[in-house]
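Undergrad: Please see the structure below; I have some questions.
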Amino acid sequence: MCIKQWMAITLFLFISPFLSVYASEEVDQDVQEEVSFWDEFFWDATVGAGIDFNQEILNTQDNNQFGAFIDINFSIEYKRFYLEVQRSTLPGGSIIGYHLWQGEQWQVDIIGANYALGFDEHGTYLPLQGDDYEPTLEGIHTRKDDFNIGLKLSYQFNSFLWNSEWVHDVSSSHESWMVRNIAIKSFSGGNWDLLGGIGFDIYSAKMANYYYGVAEDEVSDLRSAYKPGLSSSIFTQFVAEYPISESWVFHSAASIGAVSKTLQKSPIVSTSPRVVVYTGVRYVF
């Protein structure tokens, strides 16, 4: 993580407590109780392993990746602050947040999160990635991971959850905005815990051009110059869990997504749907 990202996180953590003056709280003036750190600190974690299939968005010779993966998910919360790291919960990723305001069904948070993964002429950054060049990517500039800060609006009613995230990159990557909306419905089927949802992303022209455009000095025999401009993508997700024992759970998740025509026309983007599938077991602490 670069210095600019660390500065952004530090600023985020510094200003968040002062934002609580805008939050509504119910305080019992008649009862004064001493609350310890552990009374306000909560955590949850799972760890496991499995196999996954990932069909990348990049237009490479082999964008179908299949193999084993380590499944680590955890969350911590203290007062209004929280941190979530999700490996196998789609769309996945990590997020740091602060509850700015919370009602019975509505909630507003200030958040910091990574949304777009960087890549270079080898393809998407992967731990065991080789040194072979991808012909369609050879000679391109390195695209960096982003780090965004913004607002998250949530609405929850029974088993339905809707999130709308409006964020802006504060790293040294695209330095622009994007919007993500996700609607999720959870339900049960016997001992199965099931979840289905749909998401819709909007990318600013600057963000889309940075990751999926082709600059003049990146033009080759396989690539022409291209700027996608304002773009979008849509994805569906499905998660199924089944308890094997008191501590072990079978977990499976799948997501299918498609990008707008503005992105499909890019020489470095695949026109095929993006597919992500996980399956494995996890231990619940």
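The values are calculated or read from the model by the stated rules, or taken from the named source; none is laboratory data. Note that this is a predicted model, so its numbers are computed, not measured. Note that we place each Cβ from the backbone using ideal geometry, even for glycine, and neighbour counts take in every protein chain shown.
Undergrad: Go through the residues of segment 186-201 one by one and say whether even a single one is at pLDDT below 95, of a type in the set (Gly, Ala, Ser), over 22 Å from residue 154 (Cα atoms) and not in a strand (DSSP E or B).
TA: Looking through segment 186-201, at least one residue is at pLDDT below 95, of a type in the set (Gly, Ala, Ser), over 22 Å from residue 154 (Cα atoms) and not in a strand (DSSP E or B).
Undergrad: Given the conditions (1) aliphatic (A, V, I, L, M); (2) farther than 24 Å from residue 43 by Cα; (3) crowded, with 16+ Cβ neighbours inside 10 Å, and given that residue 195 satisfies all but one, which numbered condition is not satisfied?
TA: Failed condition: (2).
Undergrad: Something else: Answer with yes or no whether residue 226 is surrounded by 19 or more Cβ atoms within 10 Å (Cβ to Cβ) and closer than 19 Å to residue 148 by Cβ.
TA: no
Undergrad: Okay, moving on. Of all residues in segment 146-166, count the ones that are aliphatic (A, V, I, L, M) and closer than 12 Å to residue 181 by Cβ.
TA: 2
Undergrad: Restricting the search to segment 208-242, which residues are assigned to a strand (DSSP E or B) and more than 26 Å from the chain's Cα centre (by Cα)?
TA: Listed by number, the residues that qualify are 220, 223, 226.
Undergrad: Please verify whether segment 135-154 includes one or more residues that are under 30 Å from residue 49 (Cα atoms) and assigned to a strand (DSSP E or B).
TA: Scanning segment 135-154 turns up at least one residue that is under 30 Å from residue 49 (Cα atoms) and assigned to a strand (DSSP E or B).
Undergrad: From the list 159, 232, 173, 204, which residue is small (Gly, Ala, Ser) and either farther than 27 Å from residue 268 by Cβ or loosely packed, with under 15 Cβ neighbours inside 10 Å (or both)?
TA: The conditions single out 159.
Undergrad: Exactly one of (1) at pLDDT below 95; (2) touching a helix residue (DSSP H, G or I) at 6+ places or on another chain (Cβ under 8 Å); (3) within 23 Å of residue 176 (Cβ to Cβ) is unmet by residue 139. Its number?
TA: All conditions are met except number (3).
Undergrad: Give me the residue from segment 88-125 that is in a loop (DSSP other than H, G, I, E, B) and of a type in the set (A, V, I, L, M) and, out of that set, modelled with the lowest pLDDT.
TA: Checking each candidate, the answer is 90.
Undergrad: Please determine whether any residue of segment 235-243 is in contact (Cβ under 8 Å) with a residue 24 or more places away in the chain, closer than 27 Å to residue 134 by Cα and of a type in the set (Phe, Trp, Tyr).
TA: yes
Undergrad: Evaluate the following for residue 128: is it surrounded by fewer than 19 Cβ atoms within 10 Å (Cβ to Cβ), at pLDDT 95 or above and not in a helix (DSSP H, G or I)?
TA: Considered against the rule, which asks whether it is surrounded by fewer than 19 Cβ atoms within 10 Å (Cβ to Cβ), at pLDDT 95 or above and not in a helix (DSSP H, G or I), residue 128 comes out as no.
Undergrad: Has segment 264-278 got any residue that is in a strand (DSSP E or B), at pLDDT 95 or above and either more than 20 Å from the chain's Cα centre (by Cα) or surrounded by 15 or more Cβ atoms within 10 Å (Cβ to Cβ) (or both)?
TA: Within segment 264-278, none of the residues are in a strand (DSSP E or B), at pLDDT 95 or above and either more than 20 Å from the chain's Cα centre (by Cα) or surrounded by 15 or more Cβ atoms within 10 Å (Cβ to Cβ) (or both).
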